[in-house]
Amino acid sequence: MGTKRQFKVWRGDENGGELQDYQVEVNEGEVVLDVIHRMQATDAPDLACRWNCKAGKCGSCSMEINGLPRLACMTRMSTFEETETVTVTPLRTFPVIRDLVTDVSFNYTKARETPAFAPPAGVAPGEYRMQQVDVERSQEFRKCIECFLCQNTCHVIRDHEDNKKAFAGPRYFIRAAELDMHPLDARTDRREYAQEAQGLGYCNITKCCTEVCPEHIKITDNAIIPMKERVVDRRYDPLVWLGSKIFRREKGEAPRGSAAITATNTGAGPQLPTVTPVPPAGERSPEADAERAVNWHRAVPAPVAPPVGDNGMLAVSEFAFDRPAAPSPFGDDVRFPMPPNQLNYSHPDQPL
Amino acid sequence: MTTRIERHHYDVVVIGAGGAGLRAAIEARLAGKKTAIISKSLFGKAHTVMAEGGAAAAMGNVNSRDNWMVHFRDTMRGGKFLNNFRMAELHAKESPSRIWELETYGALFDRTKSGKISQRNFGGHEYPRLAHVGDRTGLELIRTLQQKIVSLQQEDKREHGDYEARIKVFSETTITELLLDGDRVAGAFGYYRESGEFVLFSAPAVVLATGGVGRSYKVTSNSWEYTGDGHALALRAGATLINMEFLQFHPTGMVWPPSVKGILVTESVRGDGGVLKNSEGKRFMFDYVPDLFRRQYAETEEEADRWYTDPDNNRRPPELLPRDEVARAINSEVKAGRGTPAGGVLLDIASRLPAEEIRRRLPSMYHQFKELADVDITKEPMEVGPTCHYVMGGVEVDPDTAAAAGRVQGLFAAGEVSGGMHGSNRLGGNSLSDLLVFGKRAGEHAASYVDGLGRRPQVATPDVEAAVDAALAPLQRDTGESPYALQQDLQAVMGDLVGIIRRRGELEDALVRLGALRERVAKVSAAGGRRYNPGWHLALDLRNMLVVSECTAKAALEREESRGGHTREDFPTMEPTWRRVNLVCSLDGDQVRLERKPLPKLPPELFRLFERAELAKYLTDEELAEFDALAEEAK
Ligand SMILES: Cc1cc2nc3c(=O)[nH]c(=O)nc-3n(C[C@H](O)[C@H](O)[C@H](O)COP(=O)(O)OP(=O)(O)OC[C@H]3O[C@@H](n4cnc5c(N)ncnc54)[C@H](O)[C@@H]3O)c2cc1C
Ligand code: SF4
Ligand code: SF4
Ligand code: FES
């Protein structure tokens, strides 16, 4: 019942490698990971690939599929055209070990540097009392499956290897935010820590991390921005300063909030990469497609500030809202993952 | 060929980084031991992340009538009284403390109105008992333990200047052999998956926490890690396995579409009001309530439906029967031709709760099916059927210390790899708490075993050389079969002949086929090199899967009754005489040997927790007479 489909899989190790062609049978209802398993069982028994749960719960199978950072077990084959070549490559930001497996130890190093939960003094085990509304804000961040797709996507480390030392990345910003919002955590310096030791200041709120998060954690809106916001009381952060200036000026012209939202969506904020027109299918090479799908040399998007209120501060609506944390600046009816044409990536077949 | 072998010295080596392994490692490190944690996958990805429903602990937060005695009773009932009573007792008593402890590590469970940990209903538990976080409890558990280990490492960094001074995680490292000095554990040998380089851990105490065996089955919820490594390592080191015939088939795994085949639909879907229907639209579970449970379960749909809002005055719906009963009922419906084309039945929550409510109560279930299969569970029913899920059997251990039975010393086991706690069937939610309770005990006793040792056992060089040769063999052969083909054949044998419903003829056939497979596996060859080569890794796992499968098939053939996770079509009833017997597997050379061993006796104070009428269904007349004598004495 299956049909043969074209795949390009990157094979190689730290010394280099190349995309190799595979023709694999694909059945109805399968995901990319099913196909990779079929390759292993037939043509490529030594094809290296991480996976565990095949259910989007463990975050092992992160890779780039047609240039988009994705979980292979959560990418349905039916999202591709039958004639389309599917190109599978390892995560870009981390050193390749072999084939689709990369060395993600960077993340574990950063995890180890983030100070752990500090239990409140004098509260015995079993005596912890917290309200559901209070734990929900941290729970959103504890949904993280550590797939590291956000880490892979963040341009601060993706494009600048040397930033890795000073920058912990979105995964660990949400860890800091989670502890900051934990009702019983005894430390009070989580935000300062994020700013000073984790390199929160490098983040210019491009929201790419939020776009790729398979758990739909609103990394930027619910963790990064609130932390930047609150830290600024005590510290000069040029971005937030700039942001509030821009929006103060705009306020007279358009209703507040909506301006900021449309700005984000129409690309006045994060720029969609400007890409050369897609050549007709016959003249295209998949290698070029894979290269082209992500604009590696795109300009770092201009900083976009969050929508702010009359006092120049973020609305703290997360307290009054019917769901954990602040409403999405994309509008709460917008679902993640967003349609590919709204991402920073462009699908090779997408008309631009 | 010269081989470089990295050597490490530790006091306690924990094999496995799931809930049990991490809890054991924390305890060993707290006892001051230099501890290594070894895991086949990355840190924080072990199988435990997949657990959804929750962790059972009688904290009494939701219904204050709950206590350890009720939990103990439920556990024994669920296991059909084959449980090691002492393990069930310790588990019921200690699990609340283990859960509370997690909060001090930073866990955030869902809360009740008064701010305590919320608890939910689950099949087989009399009161709401499962601490949970939405439907991602396993993730919370493993992340919390992972972060606790990080916090211990930060402590060590402050004290010793090195994060890894006293506890180190070796991720993507597979242990292939335990090394002995006489009958004492001396170390463990394995390879780094990334590089294919070998590594030797010299350690006087090893804790096995390697999880289960489900990869030997065709339809399974288990990942590639579950190849029974710990079971096989224990056997080869001279330890024994018990209850290997008991495998849990989760009643409701997805059978269609293929992208979600084997993925479980959590039992809380039924706890929250989901009902099972056959292809004729009939809610069939009412026809399958066993006599034993009649008193606790509703007889009409009306009563069952009232239970969700008023559990004190109504009996529970039969959809919440223990999972083996549900699995068997589904199997019967499908065999009678009332199943779906893909061989399942329909699980319907869409018509029972408003869409908004379903999304709120079962968020990740909703997303999973929406994204993976484009199935909207708020609109259409799910197609579900039995899926291999959990192995009750495992390393025979001492209940208090978690030390492995048999000749070997210095070997401990906890979590799914150990046996006895769950008897013939595990209740949902009892595994996560089992990991914590016995993980802690294993770590603690491994540490004190090391303290009591006079001389550190030594690894013998010829043993290491033999382990290297065995590991390299599949790469050096190029005439053998592909490991993937062999795995498929093994899965076919186990799935078709040693599956959920078993028969003598088929089991005998299975043993013959496993014998033939054994020869083919001995000649398996893997293409490619040593760096991150999954074909090679599978080739090495195959022999473990095979020996464990042989144990299961042998024990299943021997046990001529049906009980919990073992159903014999030719012996459909439960036999009180068989309740007194454990089947124990050991290795004799490379052959599996099966022996019968009597079950430990229930002490009077635990005996008296049950009603006589209930016990009458499980016990022999002789045992009942003892019970009566006790009751008489107590008067
Ligand atoms: C889908 C699903 C849902 C579940 N839901 C629930 C639930 O709601 N409640 C509940 O109580 N239970 C549930 N369970 C059962 C429970 O999750 C498992 O039984 C439990 O997590 C097992 O934990 P463990 O610590 O024993 O092993 P695991 O977490 O499986 O860890 C095993 C570890 O051992 C390592 N390992 C294995 N072999 C080797 C080797 N040779 N060398 C080195 N390392 C090795 C692995 O890499 C891994 O780190 C569920 C199980 C599944 C599959
Ligand atoms: S918002 Fe952009 S810069 Fe900031 S962490 Fe996310 S991806 Fe990186
Ligand atoms: S925050 Fe989201 S994208 Fe980042 S690691 Fe966690 S789950 Fe993955
Ligand atoms: S395999 Fe676990 S997330 Fe894909």
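Each reported figure results from applying straightforward, stated rules to the coordinates on display, with no laboratory input. Everything numeric in this text was worked out from a predicted model, so none of it was measured. Counting neighbours? That spans all protein chains shown, and the Cβs are built from the backbone with ideal geometry, glycine included.
Against chain B, whose longest principal axis comes from its Cα atoms, helix B:621-634 is set at around 80 degrees.
Spacing of the modelled spin labels on residue B:282 and residue B:69, each 7 Å from Cα toward Cβ, amounts to 4.2 nm. Each Lys or Arg adds one and each Asp or Glu takes one away; over the other residues whose Cβ falls under 12 Å from the Cβ of residue B:154, this sums to -1. Projected label points at residue A:197 and residue B:492, each 7 Å from Cα along the beta carbon direction, are separated by 5.7 nanometres. A straight chain from residue B:155 to residue B:197 at 0.36 nm per residue would run longer than the Cα-Cα distance by 12.0 nm.
Just subtract the alpha-carbon distance of residue B:451 and residue B:523 from 0.36 nm times their residue separation and send over the number in nm, one decimal.
My answer for the length gained is 21.6 nm.
Overall, the anisotropy analysis places the range B:478-576 in the prolate class: the square-rooted eigenvalues a ≥ b ≥ c of its C-alpha gyration tensor yield a/c not less than 1.5, with a/b exceeding b/c. Under the combined filter of DSSP loop state and at most 11 neighbouring Cβ atoms within 10 Å, the range B:122-207 retains none of its chymotrypsin sites (Phe, Trp or Tyr not before Pro).
Need the C-alpha centroid separation for the range B:296-316 versus the range B:551-613, integer Å. Here the two parts' Cα centres lie 34 Å apart.
Loop only by DSSP, 15 or fewer other Cβ within 10 Å of the Cβ. Give me the trypsin sites (Lys or Arg not before Pro) in the range B:47-79 that pass, ordered by residue number. The qualifying sites are B:65.
If R0 is taken as 51 Å, the Cβ-Cβ distance between residue B:460 and residue B:352 corresponds to a FRET efficiency of 0.20.
So what does log10 I(q)/I(0) come out to for the range A:3-101 at q = 0.16, 0.21 Å⁻¹, using the Debye formula with one equal point on every Cα and no solvent? The calculated log intensity ratios at q = 0.16, 0.21 Å⁻¹ are -0.61, -1.10. When the inverse distances between all different Cα atoms of chain B are averaged and flipped, the Kirkwood radius reads 24.9 angstrom.
Figure legend: label point modelled 7 angstrom from the Cα of residue A:42 along Cα→Cβ; residues of the range B:513-557 with amide N under 20 Å from it are B:527-528, B:534-536. The ranking of B:13, A:156 by Cβ neighbour count inside 10 Å, starting from the fewest, reads A:156, B:13. Dividing the summed helix terms, -39500 (n - 2.57) for each DSSP H run of n ≥ 4, by the number of residues in the protein assembly as shown produces a 222 nm estimate of -10500 deg cm²/dmol to the nearest 500.
Exposure proxy for B:422, B:566: other Cβ atoms within 10 Å of each Cβ, ordered fewest to most, give B:566, B:422. For the pair the range B:103-150 / the range A:36-113, the C-alpha centres are spaced 30 Å from each other. Quick one: helix B:137-160 against the long Cα principal axis of chain B, what's the angle to the nearest 10°, folded into 0 to 90? It works out to around 40 degrees. So which GluC sites (Glu not before Pro) in the range A:91-194 are both in a DSSP loop and have at most 14 other Cβ atoms within 10 Å of their Cβ? Passing sites in the range A:91-194 are A:127. Measuring between their Cα centroids, the range B:44-92 and the range B:379-436 lie 12 Å from each other. In terms of the Cα gyration tensor, with a ≥ b ≥ c the square roots of its eigenvalues, is the range B:1-149 rounded because a/c is under 1.5, prolate because a/b exceeds b/c, or oblate? Note, shape of the range B:1-149 comes out prolate.
Just to check, using Stokes-Einstein with a Kirkwood Rh over alpha carbon pairs, what's the diffusion coefficient of the range B:318-366 at 4 °C and 1.567 mPa s in µm²/s? D = 103 µm²/s.
Which whole-number percent gives the relative contact order of the range A:44-165, counting Cα pairs below 8 Å spaced six or more residues apart?
27 percent
When Lys and Arg each count +1 and Asp and Glu each count -1, what net charge do the other residues less than 9 Å away from residue B:534, Cβ to Cβ, add up to? Here the count lands on 0.
Of the residues A:167, B:92, A:68, the one whose Cα sits farthest towards the positive end of the charge dipole of the protein assembly as shown is A:167 (charges of +1 on Lys and Arg Cβ, -1 on Asp and Glu Cβ, taken about the Cα centre).
Across the range B:251-388, Cα pairs under 8 Å and at least six residues apart give a relative contact order of 34 percent.
For a test of the definition: using alpha carbon positions, the gyration tensor, and the 1.5 limit on a/c, classify the range B:171-248 as rounded, prolate or oblate. Oblate shape, in that a/c is at least 1.5 and b/c is the bigger or equal ratio.
Applying the Kirkwood pairwise sum to the alpha-carbon positions of the protein assembly as shown produces a hydrodynamic radius of 29.3 angstrom.
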